[in-house]
Amino acid sequence: MELELGIPNLKQFAATLQELAEKDPDLIAVTGDSRGSGKLNKYAEDLPDQIVEVGIAEQNAVGVSAGLSSAGKKVYTVIAACFLTARSFEQIKNDVCYSDHPVKLIGISAGVSYGALGSTHHSTHDIAAFRALNNLDIVIPADNFETREAITAALHHDRPIYIRMGKRPMYHLHSENEQFEIGKAMTIREGDDVAFIATGETVYPAWEAAERLQEAGISAQVISMHTIRPLDTDVIRQAAEECSAIVTVEEHSVHGGLGEACASLLMQAGIYAPLKIVGIPDEYTVTGSQLDIFRHYGITGDGLANTARELLEQEIQYAK
């Protein structure tokens, strides 16, 4: 089965945001020298009264966003994920979350999208950091459909929310008539031997792995866990009960992200399932493009298929 290639999620984000803003004068975009990288040049030209550019001042951008939100504006704060989530952590913690302003924090060029710019520009910490903050939902769309739906749903979301996305074109994983809901995972593919629980731009490699495993007679389930908070605990439990093993996949550190959230849930629920967390290990990332880094760490169709085979083999040996 072949999937159709779409546009970068960032372009889908910008198009969706402009469509929403043209209908709602209370929607404001706040950018931190990120108008161009956020694909918002056309938005700024067409809606100059609905964008605030603060320059390279990410902490101020979050403070301004909280202030605008307190005045009733629907604020989308658009900044490179690595800087938004690290430099502005205190402002997000206090001005947005503690003060309960429903700002929509948009982390662009997330994960290892900046490629060869290296670890200083990678955001492999953000899920872990934000999972530790009270009152902040976390959404990581996998394709254009999930991006459009997440940005649209965020408009009237009554809690602070963080949405992160990358730069490269993404394959369409969904049909247009599917239902998207923040906090409800989406099953891309059914299977009962192994479950891939993936998020964001790693969902497509998980789908590729399932295709390869099918050729070998292994049935693989693929779940797009687009929301990390609130986490869809029912889907994770069901996957553990239906399948012999689980592989979690994320463009993030293996510490504190999706994988550890799944492991913690299952352990505390007393559900045993062989589980492997695939992500960025505890090291500075290798130099290369996003896809080079994915290949190095096994976040590819072949790499994930091999991981699943090894995990299933371990389960067979354990059962003996």
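The numbers here are math on the coordinates, done by the rules we state, and not lab data. Predicted model only: the values in this text are computed from it and were never measured. Neighbour counts are summed over all protein chains in view; Cβ atoms, including those assigned to glycine, are modelled from backbone coordinates with ideal geometry.
For the stretch 165-184, the residues whose backbone nitrogen is under 18 Å from a point 7 Å from the Cα of LEU3, taken along Cα to Cβ, are 165-181. Fully extending the segment from ASN177 to GLU45 would add 44.3 nm, taking 0.36 nm per residue of separation and subtracting the current Cα-Cα distance. Between ARG237 and GLU283, the FRET efficiency estimated from the beta carbon spacing at R0 = 30 angstrom works out to 0.40. Using alpha-carbon pairs under 8 Å, 6+ residues apart, how would you state the relative contact order of the chain in percent? With pairs under 8 Å counted, the relative contact order is 17 percent. Database remark: amide H of GLY107 closer than 5 angstrom to the amide H of ILE163, ARG164, MET165 (H placed geometrically; neighbours at sequence offset of 5 or more, or on other chains; Pro and chain starts carry no H). Between the stretch 1-33 and the stretch 142-166, the C-alpha centres lie 10 angstrom from each other. Among (1) 19.7; (2) 21.9; (3) 20.9, which is the computed Kirkwood radius over Cα pairs in Å? This structure yields the entry labelled (1). Placing +1 on the Cβ of every Lys and Arg and -1 on the Cβ of every Asp and Glu, with no other charges, gives the stretch 235-320 a dipole of roughly 180 debye about its Cα centre. When only Cα pairs below 8 angstrom with a gap of at least 6 residues are kept, the stretch 186-319 shows a relative contact order of 29 percent. A simple packing score, the average count of other Cβ atoms within 10 Å per residue, orders the peptides 179-192, 53-66, 246-259 as 246-259, 53-66, 179-192, with the highest score first. Close amide H contacts of ILE228 (hydrogens built in the peptide plane, cut-off under 5 Å, sequence separation of 5 or more or a different chain): ILE138, VAL139, ILE140. About its Cα centre, the stretch 11-88 has a charge dipole of approximately 240 debye under the convention of +1 per Lys or Arg Cβ and -1 per Asp or Glu Cβ, with nothing else charged. Taking amide H as placed 1.01 Å from N in the peptide plane, the amide H of ILE188 sits under 5 Å from that of VAL222, ILE223, SER224, each at least 5 places away or on another chain. Within the chain, DSSP assigns beta bridges of which about 20% are antiparallel (rounded to the nearest 5).
In this simple spin-label model, placing a label point 7 Å from the Cα along the Cα-to-Cβ direction at both GLU53 and SER70 gives a separation of 2.7 nm.
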